Every structure is written in structure tokens, then in C-alpha cells.
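Here the structure is laid out as C-alpha cells; the discussion comes afterwards.
Read-outs: derived from the displayed coordinates by stated rules, not from any lab. Predicted model only: the values in this text are computed from it and were never measured. Here the Cβ positions follow ideal geometry from the backbone for every residue, glycine too, while neighbour counts run over all protein chains shown.
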Amino acid sequence: MGKIFCVLMILSVVFAAFSGTVGKLTDAAVEACADAVQLCIGLCAGYSFWLGLIETAQEAGLMEGLSRLLSPILRRLFPKVSDDAMQDICTNLSANALGMGNAATPGGLSAMRRMDRGDGIATDEMILFVIINISSVQLLPTGVMTVLSQAGASNPSRVILPSILATLVSTAVGIVCCFFFKRLEGKNT
């Protein structure tokens, strides 16, 4: 990707030189950089707000409550997983659901280590966990809401319901596909 970007940049400069618009190219580049810096500062402010709000919710016990709510469902999906790995899975998925992707990462890595057999081959549980983690149900899409707010959207929270529905469907499809291919593999062996 870096090579493609580099080629595009070189072509832009070459065509700007031949067409006599190097000044316009330079102005556009500087303006785009200024816009990027402004967007980053705005995103930092938005993320600080959401992380503070989520930290408050975490201290109030929302994460533990969500983990307890998820535990019976996840027990059915991961019957062979140890209690320690299950706790890590619950923590990871709860954090993801609340829009705390960065806070979810340590739990996800820990769960994967606990499910690893040490033979370098992913277990069915590991594959299912990755699928669920990637498609993660979003109850609070903080990243999208922050970007929409920075872009000047009048009501960034309007994405909550569509986000919940879309991620519920994607997670369900991922789980169904995982079990379908597992069953298909079992029939072929």
C-alpha cells in the first residue's frame, strides 16, 4: 500500500509540474494536512469524553453486569473453554460492546493465550472467538459517533440502533458460518 501511495504522490507532482499547477498542489496538500490535524484534535476530545464516560460506567459495575449477562450465552458457544479464558472472553466482548476497543484488547489476547494448546494450530474455540470479536456487537459505537460529531452531524447518536442491528446480524452470521464450516469439516474427515 505504501508503494501505491508513493507512486500516486510522484504522479501527482509530475502532472502538476507539466500542467503548471504545482502551487495549487502545494496549497491543497497543506490544507489537507491542516484539516487532518484539526480532525485528530477533535477526535482526541471526543474519545476523551467517551472514555471518561465509559470509565465511570465501568466503576459503577456496568462491565461486570454485562459480563454476567453474556456468560450463559458464551458458555453454550464455548463449552470446552476454562473459567479463566471465559472470564477474559466476557471482559473482551463487554468492553467491545461498550465501544472500548482498546480496553478490550488485553482480555482478548489473554483469552487467546489461555485457549492455545501450544501446537501452533488455532482451536475451534479460538476461531469462533476471533469471529465474534471481529463482528462484535456494538451497543455504543463511540468511534462512529465521535467522527460524525466532528463532521458536523446534527444527531450523531442516530447511528446507535442501526449499529446494534447491523452488528447483531454480522455476529449471528459469523457464528452460524463458523458452526456450518465446522460441521462441514467434520463430514469431510
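For the pair Arg183 and Thr56, how long in nm is the line joining their label points, each one 7 Å along Cα→Cβ?
4.6 nm
FRET efficiency for Val130 and Asn155, Cβ-Cβ distance as r, R0 = 35 Å, nearest 0.05?
Plugging the Cβ-Cβ distance into 1/(1 + (r/R0)^6) gives 0.55.
Please report the relative contact order for the chain, taking Cα pairs under 8 Å with a sequence separation of at least 6, and give it as a percent rounded to a whole number.
Rounded, it is 17 percent for the chain.
Residue separation times 0.36 nm, minus the C-alpha to C-alpha distance between Val14 and Ala45: what's the value?
Answer, rounded to one decimal: 7.3 nm.
With a point put 7 Å past each Cα toward its Cβ, work out how far Asp27 is from Ala172 in nm, to one decimal.
For Asp27 paired with Ala172, the spin-label model returns 5.3 nm.
I'd like the orientation of helix 124-135 relative to the chain: the angle between its Cα long axis and the longest Cα principal axis, in ° from 0 to 90, rounded to 10.
Approximately 40 degrees, to the nearest ten.
Considering all alpha-carbon pairs of the stretch 19-89, what whole percent are spaced by more than 15 angstrom?
Details: 1792 of 2485 pairs.
Counting every Cα pair in the stretch 19-89, those more than 15 Å apart make up 72 percent.
Please sort by residue number the trypsin sites (Lys or Arg not before Pro) in the stretch 90-189 whose DSSP state is loop and whose Cβ has at most 15 other Cβ atoms within 10 Å. Mind dumping the intermediate values first?
Values: sites: Arg113, Arg114, Arg117, Arg158, Lys182, Arg183, Lys187; in loops: Arg117.
Of the trypsin sites (Lys or Arg not before Pro), the ones in loops of the stretch 90-189 whose Cβ has at most 15 other Cβ atoms within 10 Å are Arg117.
Provide the gained length on full extension for the span Met1 to Leu69, in nm with one decimal, where the gain is 0.36 nm per separating residue minus the Cα-Cα distance.
This chain segment gains 20.3 nm when fully extended.
In debye to the nearest 20, how big a dipole does the stretch 100-186 give about its Cα centre with +1 on each Lys and Arg Cβ and -1 on each Asp and Glu Cβ?
Taking the Cα centre of the stretch 100-186 as origin, the dipole is about 160 debye.
Viscosity 1.567 mPa s, temperature 4 °C: Stokes-Einstein D of the stretch 1-60 from its Kirkwood Cα radius, in µm² per second?
Working: Rh = 14.6 Å.
Reported coefficient: 89 µm²/s.
Under a point-charge model restricted to the Cβ atoms of Lys and Arg (+1) and Asp and Glu (-1), what is the dipole moment magnitude of the chain relative to its Cα centre, in debye to the nearest 20?
600 debye
Positive end of the charge dipole of the chain (Lys, Arg +1 and Asp, Glu -1 on Cβ, about the Cα centre): tell me which of Asn102, Gln58, Gly118 has its Cα farthest that way.
Farthest towards the positive pole: Gly118.
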